[in-house]
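The values are calculated or read from the model by the stated rules, or taken from the named source; none is laboratory data. Computed from a predicted model, the values in this text were never measured in an experiment. Neighbour counts are summed over all protein chains in view; Cβ atoms, including those assigned to glycine, are modelled from backbone coordinates with ideal geometry. In case anyone asks, the SASA skips ligands and DNA or RNA and just uses the protein heavy atoms, side chains included. Shrake-Rupley method; radii C 1.70, N 1.55, O 1.52, S 1.80 Å.
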Amino acid sequence: MYAEKVLSGMRPTGRLHLGHYHGVLANWIKLQHEYPCLFFVADWHALTTAYDEPGTITQNTWDMIVDWLAAGVDPSQATLFIQSRVPEHAELHLLMSMMTPLGWLERVPTYKDQQEKLTHKDLTTYGFLGYPLLQAADILIYRADKVPVGEDQVPHIEFTREIARRFNHLYGREPNFEEKAKESVKKLGSKRAKLYEELRTRYQEKGEDEALEQGKALLNETQNLSLGDRERLFGYLEGGGKMILVEPGALLTEASRMPGLDGQKMSKSYGNTIALREDEESIRKKIRTMQTDPARVRRTDCGDPEKCPVWQFHLIYSNDEVKSWVQQGCRSAGIGCIECKQPVIEAVLKEQEPMRERARMYEEDPQLVKNIIADGCEKARKLAQETMRDVREAIGLDYS
Ligand code: TRP
Ligand code: SF4
């Protein structure tokens with residue numbers, strides 16, 4: 001059975017914090033048990049905005065990878081790699097650039113948004129305009145089916161789908177496509193072939209989306225089909241040419257519920273973060289000095305948890321018993337704020353304990369991390385090379 005693949009990337013921003021953990025990483029850690037997963041560091045994407053200060057990218061990359069591993073991303077379950085170590089991404093990006101209308105890139109909302117936000121930097125560059133196309137190459141080169149991303153990235157996935165469609169339309173029409181497709185249908189075996197034809201007719205003549213879905217499922221369930229036959233049958237089902245590149249779907253990552261120390265969204269730029277594997281004393285201090293309900297000036301004043309960032313932490317870390325202790329104690333001034341914060345401190349430290357443990361191993365022996373990445377890059381590269389062989393052949397750049 002063909003397994004759906006998950007792929008996602010992160011720009012190397014350096015040390016990650018609890019916001020990343022309770023949003024993106026928790027999701028990755030769940031997905032790695034459910035699908036074959038590929039997770040990578042998008043270092044070239046970092047360069048699109050940091051082209052004038054590239055020096056920090058490699059250190060940020062290693063720090064971020066250690067954070068992934070510390071958080072529980074498991075290299076025996078997921079393939080971890082670095083974008084620039086798989087140069088095939090660049091080749092696919094280049095080839096797709098030939099058929100990408102400028103208007104499509106200019107219309108991607110992040111293009112204008114980021115230019116307006118990062119005013120101190122000249123982002124009228126070729127590379128920055130091509131950001132979404134490079135991202136499309138990252139995804140399409142692995143024929144990934146599902147891409148977990150935050151809401152801001154959804155337009156990039158849409159864009160990727162459009163590029164895949166355009167590519168398949170332009171290059172998926174081999175000579176004698178119909179004939180070859182009919183040959184491929186026979187390879188399904190008579191029973192499946194009959195069902196496939198039926199579903200294809202229902203979709204193409206009556207536009208039944210359900211028939212299309214069933215047809216796709218049928219192909220996914222069929223073993224021992226060659227890649228070429230599979231691509232042809234997917235394309236033939238939908239009425240296009242051979243499906244060389246696969247249209248991915250976005251898997252929307254729920255926004256992290258983790259607030260910052262001041263109750264705003266946790267973010268490095270607000271200076272309100274707790275890092276993953278942060279020093280124990282520093283965590284204690286940060287939480288002890290955290291803002292509370294501003295109306296609770298004295299210990300004897302009653303408070304309202306709804307107006308207190310500490311309560312937001314209790315919502316994430318505490319069980320019902322502790323939560324009702326906070327509600328009652330705060331509203332009646334039965335407990336003090338330092339007392340109230342104690343279970344949060346303990347819970348955050350407890351959550352970080354296994355992370356610090358895992359991180360220590362990698363910090364003591366950086367070669368371990370290098371080996372994991374070398375291994376992941378090699379695996380990723382094999383997959384990427386397979387796709388590139390098909391892509392070159394489809395375009396007609398096959399000199400073998
Ligand atoms: N643009 C993504 C971000 O800023 C990072 C990224 C690069 C990515 N390539 C990708 C995400 C491919 C998913 C798939 O978050
Ligand atoms: Fe916030 Fe707890 Fe103090 Fe109430 S008792 S104001 S919830 S820290």
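Filtering segment 247-279 down to residues that are surrounded by 14 or more Cβ atoms within 10 Å (Cβ to Cβ) and of a type in the set (Asp, Glu), which residue is farthest from Cys337 (Cα to Cα)? Once the filter is applied, the top-ranked residue is Glu247. Taken over segment 187-196, the criterion of being assigned to a helix (DSSP H, G or I), touching a helix residue (DSSP H, G or I) at 6+ places or on another chain (Cβ under 8 Å) and open to solvent by 20 Å² or more (accessible area, probe 1.4 Å) is satisfied by Arg192, Leu195.
Quick one: is Thr289 buried (at least 19 other Cβ atoms within 10 Å of the Cβ) and hydroxyl-bearing (Ser, Thr, Tyr)?
Numbers: buried (at least 19 other Cβ atoms within 10 Å of the Cβ): no; hydroxyl-bearing (Ser, Thr, Tyr): yes.
Taking the combined requirement at face value, the residue does not satisfy it.
For segment 9-18, how many residues are more than 11 Å from ligand 1 (Cβ to nearest atom), modelled with pLDDT of 95 or more and not hydrophobic (A, V, I, L, M, F, W, C)?
Looking only at that region, the number is 1.
Exactly one residue out of Lys121, Lys117, Lys187 is in contact (Cβ under 8 Å) with a residue 24 or more places away in the chain and over 18 Å from Arg232 (Cα atoms), and it is Lys121. Restricting the first member to segment 13-30 and to residues that are more than 22 Å from Trp44 (Cβ to Cβ), and the second to residues that are polar (S, T, N, Q), the beta-carbon pairs closer than 6 Å and six or more apart or on different chains are His17/Thr273; Gly19/Ser256; His22/Ser256; Gly23/Ser256; Asn27/Thr253. Selection of first residues in segment 65-85 that are within 11 Å of Leu16 (Cβ to Cβ) and of second residues that are among the basic types (Lys, Arg), restricted to Cβ pairs under 7 Å at least 6 apart or on distinct chains, gives the following pairs, ordered by first then second residue: Asp67/Arg15; Ala70/Arg277; Ala70/Arg358.
Selection of helices (runs of 4 or more DSSP H) fully inside segment 305-400 by the criterion of at least 3 residues being open to solvent by less than 70 Å² (accessible area, probe 1.4 Å), among the hydrophobic types (A, V, I, L, M, F, W, C) and more than 10 Å from ligand 2 (Cβ to nearest atom) returns 337-364, 366-395. A Cβ distance below 7 Å, combined with a sequence gap of six or more or placement on separate chains, defines the contacts here; from segment 296-315, residues that are touching a residue at least 24 places away in the same chain (Cβ under 8 Å) reach residues that are open to solvent by 20 Å² or more (accessible area, probe 1.4 Å) and more than 9 Å from ligand 2 (Cβ to nearest atom) in the pairs Cys302/Ser332; Pro309/Leu261; Pro309/Asp262; Pro309/Gly263; Gln312/Gly263; His314/Val322; His314/Lys323. Pairs please, first residue from segment 316-338 and in contact (Cβ under 8 Å) with a residue 40 or more places away in the chain, second anywhere and part of a loop (DSSP other than H, G, I, E, B), Cβ atoms under 7 Å, 6+ apart in sequence or on different chains. Final answer for the pair search is Ile316/Arg257; Ile316/Met258; Cys337/Thr292; Cys337/Arg296. Checking Leu133, Leu218, Leu199 one by one, the residue that is in contact with a helix residue (DSSP H, G or I) (Cβ under 7 Å, 6 or more places away or on another chain) and within 16 Å of ligand 1 (Cβ to nearest atom) is Leu133 and no other.
Every residue, every condition in (1) assigned to a loop (DSSP other than H, G, I, E, B); (2) of a type in the set (Phe, Trp, Tyr), yes or no:
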{"site": "Val24", "(1), (2)": "no, no"}
{"site": "Lys30", "(1), (2)": "no, no"}
{"site": "Thr49", "(1), (2)": "no, no"}
{"site": "Ile57", "(1), (2)": "no, no"}
{"site": "Trp62", "(1), (2)": "no, yes"}
{"site": "Ala70", "(1), (2)": "no, no"}
{"site": "Pro75", "(1), (2)": "yes, no"}
{"site": "Leu80", "(1), (2)": "no, no"}
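Residues of segment 91-130 that are within 13 Å of ligand 1 (Cβ to nearest atom) and of a type in the set (A, V, I, L, M, F, W, C): Leu92, Val108, Phe128.
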